[in-house]
Amino acid sequence: MSQAEWAEPGRTSAPRKQNPLWTLGLLRSELVTTLRRWRTLALLAVLAAVPILVGIAVKMETGDGSGGGRGGDGPAFITQITNNGLFLVFTALAVTLPFFLPMAVGVIAGDAIAGEAGSGTLRYLLVAPAGRTRLLLVKYATTMAFCLLATLVVAVSALAVGALLFPLGDLTTISGTRIGLADGLGRALLIALVVAASLTGLAALGLFVSTLTNSGIAAMATMVGLVITVQILDQIPQLHALQPYFFPHYWLSFADLMRDPVYWDDLVRNLGLQALYAAVFGSAAWARFSTKDVTA
């Protein structure tokens, strides 16, 4: 589609050749702007604090010599933290993935387009030779970069706290086999990447919601409410036939990477489902944004 077709309704312009370096500059500008916002820094600070609180809580509970805690309470990894601090990484990701990480991603994705429209800067971005498709892709890439950064913040914070409060060394997988620390660190990195990839569908959904309104606050509130609602629906037994199609249904499948051998079935289902959500809602966002009348 030509640049003229991407122009605002009633506006005609000749197609302009765009420099790929300009696109990289736009992406760099978006990344810098997003990461410098106090809201983004606050979200990252909260995510970094979760592993600290979990580690301190486990340390305080076991500091009196009571052992591994209360057994069945909390994520499956939590009883292993006192034996190996690396398990704090897995526990922190299991704790943040159902709520904290998607909330943060929903806020960033929901504000991507709606925030620009509400502040009056979206029109100026479109007047520049960005093109709506290119701008939308840059916004999605920025959101995905935040997904990766947020996940790594949780993992690095958990690793630092785990190393400070608990011993590190060889660890026992869920299957009962022993693996070395280097292998464990490799699996922790792989798990962090899988968790970040698990948020791709949510990011596309948030971008679509962001194209529906000119209010960043409304888009962010919608995403927060949507994440909470879908999480609740995913726990209702009567909806078991629909639950495999809910975007958070396979989020905790990353635990299968701690088996030996790894169970790939649910991991593949999760990544396939996220790709489907990204394709569907990414296309919906493109269809909506390409016809959106930008007046502010």
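The values are calculated or read from the model by the stated rules, or taken from the named source; none is laboratory data. As the structure is a prediction and not an experimental result, all values here were calculated from the model. Reconstructed Cβ throughout: ideal geometry from the backbone, glycine too, with neighbour counts over all protein chains shown. The accessibility values were calculated without ligands, DNA or RNA, using every heavy atom of the protein model including side chains. Shrake-Rupley method; radii C 1.70, N 1.55, O 1.52, S 1.80 Å.
Between residue 41 and residue 218, how many nm apart are label points set 7 Å from Cα along the C-beta direction? The modelled label-to-label distance comes out at 3.0 nm. Between residue 280 and residue 156, the simple label model (points 7 Å from Cα in the Cβ direction) yields a spacing of 3.5 nm.
Look at where the Cα atoms of region 243-287 and of region 213-242 average out, and the two centres are 17 Å apart. Once the Cβ-Cβ distance between residue 61 and residue 181 is put in as r, and R0 is 22 Å, what FRET efficiency do you end up with, to the nearest 0.05? Once the sixth-power term is evaluated, E becomes 0.35. In terms of accessible area, using a 1.4 Å probe and ignoring ligands and nucleic acids, 27, 171, 189 rank largest first as 189, 27, 171. Ligands, DNA and RNA excluded, the heavy atoms of residue 240 present near 130 Å² of accessible surface to a 1.4 Å solvent probe. Considering all C-alpha pairs of region 197-296, those separated by over 18 Å amount to 56%. Per-residue Karplus couplings for region 157-170, computed as 6.51 cos²θ - 1.76 cosθ + 1.60 with θ equal to phi - 60°, are listed in order as 4, 5, 5, 5, 5, x, 5, 6, 9, 9, x, 10, x, 4 Hz, Gly and Pro entered as x.
Only protein heavy atoms count here; on that basis, with a 1.4 Å probe, residue 250 has an accessible area of about 40 Å². Using 7 Å Cα-to-Cβ label points, what is the residue 141/residue 174 separation (nm, one decimal)? The two pseudo-label positions are separated by 3.5 nm.
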